[in-house]
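K.L.:
This is the structure I have questions about; it appears just below.
The values are calculated or read from the model by the stated rules, or taken from the named source; none is laboratory data. In this text the structure is predicted, and so the values were computed from the model without any measurement. Glycine also receives a Cβ, built like all others from the backbone with ideal geometry; neighbour counts cover every protein chain displayed. Calculation scope for accessible area: heavy atoms of the full protein, side chains included, ligands and nucleic acids excluded. Shrake-Rupley method; radii C 1.70, N 1.55, O 1.52, S 1.80 Å.
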Amino acid sequence: MKNHLSDRINSMSTSATLAMAAKARELKNEGKDIIGLSLGEPDFNIPDFIKEAAKEAIDQNYSSYSPVDGYADLKQAIANKFKRDNGLTYGLNQIVVSTGAKQSLANIAMVMLNDGDEVILPAPYWVSYSDIVKLAQGVPVEVPTSIDTDFKMTPEQLEKAITPKTKMMWFSSPCNPSGSVYSKEELEGLAEVLKKHPNIFIVSDEIYEHINFRGGHVSIANIEGMYDRTITVNGVSKAFAMTGWRIGYIGGPEWVARACNKFQGQITSGANAIAQRATIAALNAPISSIQFMIDEFHKRRDLVLELLGEIKGFNLNVPEGAFYVFPDISSFFGKTINGTLINNASDFALYLLEKANVATVTGEAFGNDNCIRISYAASEKELREAMARIKAVL
Ligand SMILES: Cc1ncc(COP(=O)(O)O)c(C=O)c1O
């Protein structure tokens, strides 16, 4: 049959994390005992005070369209949060609320990029960056990093990647998938390079800021000279276990916020009203209200590192944030394990799924084909069982 779909969608790849989750679900439905470590989704329930705020919003009839860029009192809560947690001052006209940080990122790409504009992506990067950039006719420019530099881009690498077509640099810290956290000094190093190129803008994806085990999250917008050229992206999916509520937001230059507002006004008419009201409660709460999740993730990270460390062939960094480990498993390439030849990270992830019934994600999806991503947003029991199975089949 003739393909009537647009070139745009035909050239887009399917989200590898969602594809793996779908495959794992399928096998589960067939009766297989699959342990899913492929999704980036906290396994906690939303704190009760947030649920209460949502119930109240329903009873108070928050059922009409909200302002396209978000309720003013939500934007005020976001401005307060930026000030409290990041030392950043954003006026309400610099903030836009969207349907998840994913939409915030898509808005930015659509309003900032022209055909052929290059976007530097330190690899590994979050799975959707490159497809979002391509959708907006931008060109992703991957800067490969390795476990030897804790998967962080150095100033020299950044300098080398810049061309006259470079428009933006996108990165996440704490990083999905590597868990790496850029220090203030490391961000200052990147900023020194960017100062020489005043036309390059930064997307700083800080959605994992609170899930940080080294303490002290640093926003690049807070580094001298970077504020006016940085769009800080955040949301409530990870810190408050609100993935399904779909609320993300940006703080950035007013002209960017205005453009995102205009774009969103034609695409979604703004984010879900009830979820916005609940987000006010989430953001106004002290960080101590979610400390239990952060402590639990910290414990699980240590457990997973310890158990994976016992398996020969796994090369591990120590992720300082988010809830993933990103082991380099390239030592298995070219080897045959129990009759299966492993040529790359996809083969490896598939082997783990089929033989150990453990779902992980190939690093190829994140721009690094020596690694796999293992999410430890799962119970201790599941993590112990998963690591034991992986060890057994290897
Ligand atoms: C680095 C990063 N940015 C953005 C998102 C999207 O978050 P949201 O659920 O708010 O769309 C994710 C979700 O996995 C992520 O890992």
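K.L.:
Could you list, ordered by first residue, the pairs with Cβ atoms under 6 Å in which the first is in the range 11-26 and in contact (Cβ under 8 Å) with a residue 40 or more places away in the chain and the second is away from the ligand (no atom under 16 Å from the Cβ), at least 6 apart or interchain?
P.N.:
Filtered contacts from the range 11-26: Ala24/Ile34.
K.L.:
Which of the residues that make up the range 362-394 are closer than 17 Å to Arg300 by Cα and open to solvent by less than 10 Å² (accessible area, probe 1.4 Å)?
P.N.:
Arg373, Ile374, Ser375, Tyr376, Ala378, Leu383, Ala386, Met387, Ile390
K.L.:
Looking at the range 317-346, which of its residues are closer than 24 Å to Thr14 by Cα and surrounded by fewer than 16 Cβ atoms within 10 Å (Cβ to Cβ)?
P.N.:
Residue satisfying the conditions is Asn343 alone.
K.L.:
Taking the options Lys134, Lys102, Lys75, Lys83, name whichever one is charged (D, E, K, R), within 13 Å of the ligand (Cβ to nearest atom), open to solvent by 10 Å² or more (accessible area, probe 1.4 Å) and not in a strand (DSSP E or B).
P.N.:
Just a single option satisfies the conditions, and that option is Lys102.
K.L.:
Which residue out of Gly244, Gly265 is small (Gly, Ala, Ser), open to solvent by 60 Å² or more (accessible area, probe 1.4 Å), farther than 21 Å from Leu88 by Cβ and in a helix (DSSP H, G or I)?
P.N.:
It is Gly244.
K.L.:
Count, please, the residues in the range 119-131 that happen to be part of a strand (DSSP E or B) and under 15 Å from the mean Cα position of the chain (by Cα).
P.N.:
3
K.L.:
Can you name every residue in the range 139-189 that is in a helix (DSSP H, G or I) and open to solvent by less than 50 Å² (accessible area, probe 1.4 Å)?
P.N.:
Ile147, Pro155, Leu158, Ala161, Leu187, Gly189
K.L.:
I need the full set of residues from the range 39-65 which are part of a loop (DSSP other than H, G, I, E, B) and within 16 Å of the ligand (Cβ to nearest atom), in order please.
P.N.:
Matches in the range 39-65: Leu39, Gly40, Glu41, Pro42, Asp43, Phe44, Ile46.
K.L.:
Sticking with this structure for a sec: Which residue, of Ile311, Ile290, is within 16 Å of the ligand (Cβ to nearest atom) and open to solvent by less than 30 Å² (accessible area, probe 1.4 Å)?
P.N.:
Result: Ile290 is the single residue among Ile311, Ile290 that is within 16 Å of the ligand (Cβ to nearest atom) and open to solvent by less than 30 Å² (accessible area, probe 1.4 Å).
K.L.:
For the range 11-56, give me each residue that is farther than 27 Å from Glu380 by Cβ and modelled with pLDDT of 90 or more.
P.N.:
Glu52, Ala53, Ala54, Lys55, Glu56 - these are the residues of the range 11-56 that are farther than 27 Å from Glu380 by Cβ and modelled with pLDDT of 90 or more.
K.L.:
May I pose another question? What number of residues within the range 190-233 satisfy the criterion of being out of contact with any strand residue (DSSP E or B) (no Cβ under 6 Å at 6 or more places or on another chain) and assigned to a strand (DSSP E or B)?
P.N.:
Adding up the residues that qualify gives 0.
K.L.:
Before we move on, is Arg214 open to solvent by 10 Å² or more (accessible area, probe 1.4 Å) and either over 30 Å from Ile50 (Cα atoms) or of a type in the set (A, V, I, L, M) (or both)?
P.N.:
No, not satisfied.
K.L.:
Could you please find all residues in the range 26-72 being open to solvent by less than 80 Å² (accessible area, probe 1.4 Å) and of a type in the set (Lys, Arg)?
P.N.:
Across the range 26-72, the qualifying residue is only Lys51.
K.L.:
All but one of (1) more than 20 Å from Ile220 (Cα to Cα); (2) open to solvent by 30 Å² or more (accessible area, probe 1.4 Å); (3) over 21 Å from the mean Cα position of the chain (by Cα) hold for Gly116, so report the exception by its number.
P.N.:
(2)
K.L.:
Tally time: how many residues in the range 286-296 are touching a Pro at 6+ places or on another chain (Cβ under 8 Å) and not polar (S, T, N, Q)?
P.N.:
Going through the range 286-296 one residue at a time, the tally reaches 2.
K.L.:
In contact (Cβ under 8 Å) with a residue 40 or more places away in the chain, at positive phi and within 16 Å of the ligand (Cβ to nearest atom): is that true of Ala282 in this structure?
P.N.:
Criteria not met by Ala282.
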